[in-house]
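Chemist: Before I ask anything, here is the structure I am working with.
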Amino acid sequence: GEDVETLFMATSTSYSYLSSSLVKEVARLGGSIKDLVPPVVHDEIFSQLRG
């Protein structure tokens, strides 16, 4: 069979309240996510929202 590798990346407690759903919801409602995600993620989320 195939081997499966798992990678767990813990976050700083200062970001533990964040979830992808929360970030996408803030962006969808027109809020700023600039300080919550890296620029590449910011651009991708807004690209998807624009369709």
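Just so you know, all these numbers are worked out from the coordinates, no wet-lab data involved. All figures in this text were calculated on a predicted structure; none of them were measured in a lab. Positions of Cβ are generated from backbone atoms using ideal geometry, with glycine treated the same way; all protein chains shown enter the neighbour counts.
Chemist: Which Cα, out of Ser19, Val4, Leu49, lies furthest along the positive dipole direction of the chain (beta carbon charges, K/R +1, D/E -1)?
Modeler: Comparing the listed Cα positions along the dipole, Leu49 ranks first.
Chemist: Let me ask something else. In debye, nearest 20, what is the charge dipole magnitude of the chain about its Cα centre with +1 on Lys and Arg Cβ and -1 on Asp and Glu Cβ, if you could check?
Modeler: Working: 4 positive and 7 negative charges, 89 e Å.
In total the dipole reaches around 420 debye.
Chemist: What do you get when you divide the Cα radius of gyration of the chain by 2.2 N^0.38 Å, with N the number of residues? It would help to have the intermediate numbers written out before the result.
Modeler: On the way: Rg = 14.3 Å, N = 51, 2.2 N^0.38 = 9.8 Å.
In units of the globular-protein estimate, the chain measures up at 1.46.
Chemist: Across region 16-28, in residue order, what do the Karplus-derived ³J(HN,Hα) couplings come to in whole Hz, using 6.51 cos²θ - 1.76 cosθ + 1.60 with θ = phi - 60° and x for Gly and Pro?
Modeler: Once rounded to whole Hz, the list reads 5, 7, 7, 9, 4, 5, 5, 4, 5, 5, 4, 5, 4.
Chemist: Here is a follow-up. Per DSSP H run of at least 4 residues, take -39500 (n - 2.57); add these up for the chain, divide by its residues and hand me the 222 nm value, nearest 500 deg cm²/dmol.
Modeler: Details: 2 runs with 21 residues, N = 51.
Estimated from H runs of four or more residues: -12500 deg cm²/dmol.
Chemist: Roughly how tilted is helix 39-50, in degrees to the nearest 10 and between 0 and 90, from the longest Cα axis of the chain?
Modeler: For helix 39-50, the angle is close to 60 degrees.
Chemist: Suppose each label sits 7 Å from its Cα in the direction of the beta carbon; what would the Val41-Ser12 distance come out to in nanometres?
Modeler: Computed distance between label sites Val41 and Ser12 equals 1.3 nm.
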